[in-house]
Amino acid sequence: MAKDIADSAEANLKLIEEVLAAYPDKAKKKRAKHLAVAQPLTEAEPGIQSKCDTVKSNIKSVPGVMTIRGCAYAGSKGVVWGPVKDMLHISHGPVGCGHYSWSQRRNYYTGTTGVDSFVTMQVTTDFQENDIVFGGDKKLEKSIDELNELFPLNKGISIQSECPIGLIGDDIEAVSKKKMKDIDKRIVPVRCEGFRGVSQSLGHHIANDMIRDWVLEAGEGARAGYVAGEYDVNIIGDYNIGGDAWSSRILLEEIGLNVIAQWSGDATIAEIERAPAAKLNLIHCYRSMSYICRHMEEKHGVPWMEYNFFGPSQIAASLRAIAAKFDAKIQANAEAVIAKYQPLVDAVNAKYKPRLEGKKVMLYVGGLRPRHVVDAYHDLGMEIVGTGYEFAHNDDYKRTGHYIKEGTLIYDDVSGYELEKFVEAIRPDLVGSGIKEKYNTQKMGIPFRQMHSWDYSGPYHGYDGYAIFARDMDLAINNPVWGMFDAPWKKSA
Ligand code: SF4
């Protein structure tokens, strides 16, 4: 049960003060800028509930404060490029960084691993002292040759630079150009060394830029000769965690759209090449893929729009907004699809809402989830009492105001200590965050769901995903294990 404390603005501001009190003055001053409560709007804006962008974001973490962020390499290899399934992605540098990303995230894909798909395979140039001293370009060339011989059905190779590559100044672009001629396949050098930027966010940006320079603008590829249809769209920024992109694609196809590319969950390099032919880019994770959507808009005239497929309220609103970009036929289809799934939504709500209504949730996740999942919880009658992002920018916090009510606790790049103290004081009924936060929270006796990877479950997108989402939240919160938390000898006889 959540502790009976008012989640009011004053209570949350007091809590922030108490938590900051543990820091030395300099750290306190820096961290204070990242913690706030959602403010009232100065003037009413349609669809916006509060002002969340008063926190500072996308700033270097304070040294010594345990951040939960990742690095630029994680943003490029782990998020954007890694899921492109028919390419091999070399973690270029020492073995350690690649080890951490072993098996990738839970980006589901079709294909035969090791034959025509390679997402869960981890490839590294395994730098040694010699490579640091004398340079690793030759080793990289040899690795590309070996990979191409071992996996002849690969459609290309990306080079994901780890920190030492940038430090010793290896020329991965020259190697890429040379080997592209040798093996006649696309090779993409990505300078995503972990030290660049303040978090994984710059890695997303760099990865997008390399899609622009080394794929979209480097020749038409699969786009050549493709005759675009009037309903051709791309799904951008869906990484198919637990099958999310598949459950989204079903809905778009049911309303009559033709998905010609799905990035980068279950993506092929041909889909990336073909994307500029589409009539509309539908972007789910704005933070990690907005850069390439803006480029496609400017260079190729493809407009883009954000959508949200978490929970029935947002799914219906998004389907209607997407359909509004097309003709009356698509709009009628959208209404029919929303009506078709309503019995499923009613059944899910009838089963789970009575078990979840009024439960309080704290979120701390990455790209879009700290705001996009909020209405899925609301659809189940649950309440969000705190939310924050690992690597957001100001425009993400601006968008958060669409979902979050005034007085909600907001924490940017929250440290392990701060999050623990917030959870301890608020004692929500559920925390949704990542693996690094999971066991601490559970040891505090508080139910937890991993909201990066769906805790080995999913999909959570689309109507099918909503049923799974509701079941999983119920399993976490109403699990009988929480009734066994107190030591038996502490219970009265
Ligand atoms: S910060 Fe550098 S060394 Fe650390 S995981 Fe990222 S790329 Fe590797």
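The values are calculated or read from the model by the stated rules, or taken from the named source; none is laboratory data. All of these numbers come straight from a predicted model, not from anything done at the bench. All Cβ positions, glycine included, derive from the backbone under ideal geometry; neighbour counts span all protein chains shown. Side chains are part of the model used for accessible areas, which takes the heavy atoms of the whole protein and leaves out ligands, DNA and RNA. Shrake-Rupley method; radii C 1.70, N 1.55, O 1.52, S 1.80 Å.
The charge dipole of segment 306-366, taken about its Cα centre with unit charges on the Cβ atoms of Lys, Arg (+1), Asp and Glu (-1) only, comes to about 240 debye.
Counting only lysines at least 8 places from K359 when in the same chain, those with an alpha carbon closer than 25 Å to its own are K3, K14, K51, K351, K405, K421, K436, K438, K443.
P(r) tail for segment 437-493: Cα pairs beyond 17 Å make up 48% of the total. Using the Karplus relation 6.51 cos²θ - 1.76 cosθ + 1.60 with θ = phi - 60°, the per-residue 3J(HN,Hα) values for segment 141-155 come to 4, 5, 4, 4, 4, 4, 4, 5, 6, 5, 10, x, 8, 5, 9 Hz, with x marking Gly and Pro.
Using Cβ point charges alone (K and R +1, D and E -1), the dipole size of segment 343-493 about the Cα centre works out to roughly 440 debye.
Averaged per residue, the chain has 41 square angstrom of accessible surface, using a 1.4 angstrom probe with ligands and nucleic acids left out. Report the one residue of I260, P189, S318 whose Cα lies farthest in the direction of the positive end of the charge dipole of the chain (charges on C-beta: Lys and Arg +1, Asp and Glu -1; origin at the Cα centre). The residue sitting farthest along the positive end of the dipole is S318.
The chymotrypsin sites (Phe, Trp or Tyr not before Pro) of segment 166-253 meeting both criteria, a DSSP state outside H, G, I, E and B (loop) and at most 13 other C-beta atoms within 10 angstrom of the site's C-beta, are F195.
Divide the volume of the convex hull around the Cα atoms of segment 337-478 by the residue count and you get 108 Å³ per residue.
Assign one of three labels to segment 264-346, namely rounded, prolate or oblate, based on the Cα gyration tensor with a ≥ b ≥ c the square roots of its eigenvalues; rounded applies when a/c is under 1.5, prolate when it is not and a/b is larger than b/c, and oblate otherwise. Here segment 264-346 falls in the prolate category. Each Lys and Arg adds +1 at its Cβ and each Asp and Glu adds -1 at its Cβ; summed about the Cα centre, segment 419-493 shows a dipole of about 280 debye.
Listed values for segment 160-176 are Karplus-derived 3J(HN,Hα) couplings in whole Hz (6.51 cos²θ - 1.76 cosθ + 1.60, θ = phi - 60°), namely 9, 6, 9, 2, x, 4, x, 6, 8, x, 4, 9, 6, 5, 5, 4, 4, and x replaces Gly and Pro. Farthest towards the positive end of the charge dipole of the chain, among the residues M121, M66, P152, is the Cα of M66, using unit charges on the Cβ of Lys, Arg, Asp and Glu. Against the empirical curve 2.2 N^0.38 Å, the C-alpha radius of gyration of segment 308-354 lands at a ratio of 1.26. What shape does the chain have by the C-alpha gyration tensor, where a ≥ b ≥ c are the square roots of the eigenvalues, rounded means a/c under 1.5, and otherwise prolate means a/b greater than b/c and oblate the rest? Cα axes put the chain in the oblate bin. When the P(r) is computed for segment 85-126, the part past 15 Å accounts for 38% of the Cα-Cα pairs. In this simple spin-label model, placing a label point 7 Å from the Cα along the Cα-to-Cβ direction at both E129 and I250 gives a separation of 5.6 nm.
Rg and Dmax of segment 87-195, based on Cα coordinates, read 13.4, 41 Å.
Amide H to amide H distances under 5 Å link L88 with K155, G156, I157, S158, where only residues 5 or more positions off or on other chains count and H is placed in the peptide plane.
Each label was represented as a point 7 Å from its Cα along the Cα-to-Cβ direction; for A332 and E141 these points are 6.3 nm apart.
Note on segment 184-249: the alpha carbon radius of gyration divided by the globular reference 2.2 N^0.38 Å gives 1.41. Ignoring the sites themselves, the chain has its longest run without GluC sites (Glu not before Pro) in a DSSP loop having at most 12 other Cβ atoms within 10 Å at 44-229.
3J(HN,Hα) along segment 273-284: 4, 7, 3, x, 7, 5, 8, 7, 9, 9, 10, 8 Hz, from the Karplus curve 6.51 cos²θ - 1.76 cosθ + 1.60 with θ = phi - 60°, whole Hz, x for Gly and Pro. Shape of segment 319-381 from the C-alpha gyration tensor: oblate (a/c of 1.5 or more and a/b not above b/c, with a ≥ b ≥ c the square roots of its eigenvalues). Each of S8 and K185 was given a label point 7 Å from its Cα along the Cα-to-Cβ line. The distance between the two points is 6.4 nm. Could you check how many percent of all C-alpha pairs in segment 27-81 are farther apart than 17 Å? Across segment 27-81, Cα pairs with separations above 17 Å total 58 percent.
Projecting the Cα positions of G169, P480, Y291 onto the charge dipole of the chain (unit charges on Cβ atoms of Lys, Arg, Asp and Glu, taken about the Cα centre) puts P480 furthest along the positive direction. Taking the C-alpha atoms only, the angle from helix 328-356 to the longest principal axis of the chain is near 50 degrees. Residues whose amide H falls under 5 Å from that of G432, counting only those 5 or more places apart or on a different chain, are M362, L363, Y364, R449, with hydrogens built in the peptide plane. Sparse packing (at most 13 other Cβ atoms within 10 Å of the Cβ) combined with a DSSP loop state is found for the following trypsin sites (Lys or Arg not before Pro) in segment 1-94: K3, K33, K60.
A straight Cα-to-Cα reach below 15 Å connects K139 with the aspartates and glutamates D126, E129, D131, E162, D170, D171, E173, residues fewer than 8 places away in its own chain not being considered.
Holding the Cα-Cα limit at 29 Å, pick out from K77/K138; K340/K398; K56/K279; K85/K398 the pairs that are longer than that.
Check vs 29 Å cut-off fails for K340/K398; K56/K279; K85/K398.
Accessible surface of the chain, 1.4 Å probe: 55 percent of it comes from carbon and sulfur atoms.
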